[in-house]
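One structure is given below, encoded as structure tokens.
No value in this document is a laboratory result; all are computed from the given coordinates. Small disclaimer: the values here were computed from a predicted structure and weren't measured. Cβ atoms come from the backbone with ideal geometry, glycine included; neighbour counts cover every protein chain shown.
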Amino acid sequence: MVLGTYKEAISARATDKAIQNVAQDGGIVTALLSYALEEKIIEGAVVAGPGEEEWKPEPLVAMTPEELISAAGTKYTFSPNVWMLKEAVRQYGLEKVGTVGIPCQLMGIRKMQSYPFGTRFIADKLALIVGIFCMENFPRASLETFVDEKMNSSLESVEKMDIGMGKFIVNTQDDELNIPLKETHGYEQAGCNVCKDYTAELADVSTGSVGSPAGWSTVLTRTDTGASIFKDAVDAGIIETKSMDDVKPGLGLLEKLSTSKKDKSQKEIDKRRDMGLPVPF
């Protein structure tokens, strides 16, 4: 399946206005982890928190809903959340850990769980893994190039970043700026070019904006754990939902982009293999 194995596809958003005000789209990651935290399904969550430099996130072990809200929003650059899992277990003493990551990070986490040699005290403590749809990820220096040089603004003034309608978009306090997405090609992390996973297929719950209207997120529940926690959050009124059949652009766009990433990455993998270069697949 082009979207990976999943149980249900649905459009959703957080009902909490505090989350809606800072969320990238529907605020599903923040809402779901907050619910899991308050219900003691997890004791803390490793998320991409604010760093010392603007738009250079640092992994945060969030122990309260307020800390989760402080980390809300997509950064479009790498946060080494997987590294912090060890700290969450060994330094914070957490027995039940939640986390959020992009597809490549989830590959590492699931491999760790499958072959837990050296990580046996960590792998079995991961209680909820949320994945984010991801086409590509950029070094912070690339973001600085986009904003400072291509948009004639400053990275420090940016309040939100987004990708949509073929554009890379930033919002400052006074303006909305953008460049064509094609101008960002070549600036992504090198590994993105051989990654086949757009929809975080290895997560318990995957989410992203594609397929849903503004202010909502598309959600794919994938495991029994993810489906159960998501359903309970909906039943508790933490998350509201709509059928994907009732929203536009719908699941077709998500399938199109996922197919595009798989095809593009396979071409790059074949090219590198023909050149005798190492490839991960």
Discussion item. Starting from 0.36 nm per residue, how many nanometres of slack lie between M63 and V279 once their C-alpha separation is accounted for?
Written reply: 74.0 nm
Item to complete: At q = 0.09, 0.13 Å⁻¹, work out log10 I(q)/I(0) for segment 1-132 with the Debye formula, treating every Cα as an identical point scatterer and leaving solvent out; two decimals please.
Response: -0.25, -0.53
Worksheet, complete the sentence: Ranked from fewest to most other Cβ atoms within 10 Å of their own Cβ, M165, M107 fall in the order M165, M107
Worksheet, complete the sentence: Distance in Å, no decimals, from the C-alpha centre of segment 23-101 to the one of segment 131-178 is 22 Å
Worksheet item: What is the Rg over Rh value, at two decimals, for the chain, using alpha-carbon atoms and the Kirkwood definition of Rh?
Response: 0.95
Worksheet, complete the sentence: Here the tail fraction of P(r) beyond 25 Å, over all Cα-Cα pairs of segment 143-281, rounds in percent to 46 percent
Worksheet item: If Lys and Arg each add +1 and Asp and Glu each add -1, what is the summed charge of the other residues whose beta carbon sits under 12 Å from the beta carbon of M112?
Response: +4
Discussion item. Taking every DSSP beta bridge with both residues inside the chain, roughly what % is antiparallel (nearest 5)?
Written reply: 70 percent
Item to complete: Report relative contact order for segment 143-227 in percent, whole number only (criteria: Cα-Cα under 8 Å, sequence separation at least 6).
Response: 16 percent
Discussion item. Let me check I've understood the local charge: for F138, count other residues with C-beta under 13 angstrom from its C-beta, Lys and Arg +1, Asp and Glu -1. What total comes out?
Written reply: 0
Worksheet entry | At most 14 other Cβ within 10 Å, DSSP loop - trypsin sites (Lys or Arg not before Pro), segment 34-118 | K40
Worksheet, complete the sentence: Where a ≥ b ≥ c are root eigenvalues of the Cα gyration tensor, a/c under 1.5 meaning rounded, otherwise prolate if a/b exceeds b/c and oblate otherwise, segment 138-187 counts as oblate
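Would you calculate a helix-derived [θ] at 222 nm for the chain, using -39,500 (n - 2.57) for each DSSP H run of n ≥ 4 and dividing by the full residue count, to the nearest 500? Don't jump to the answer; show the numbers that get you there.
Numbers: 9 runs with 90 residues, N = 281.
Value at 222 nm, helices only, nearest 500: -9500 deg cm²/dmol.
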Fill in: segment 69-106 residues near the modelled T225 label - backbone nitrogen below 14 Å, point 7 Å along Cα→Cβ
95-101, 106
Fill in: Qualifying chymotrypsin sites (Phe, Trp or Tyr not before Pro) for segment 89-179 [loop in DSSP, other Cβ within 10 Å: at most 13]
F117
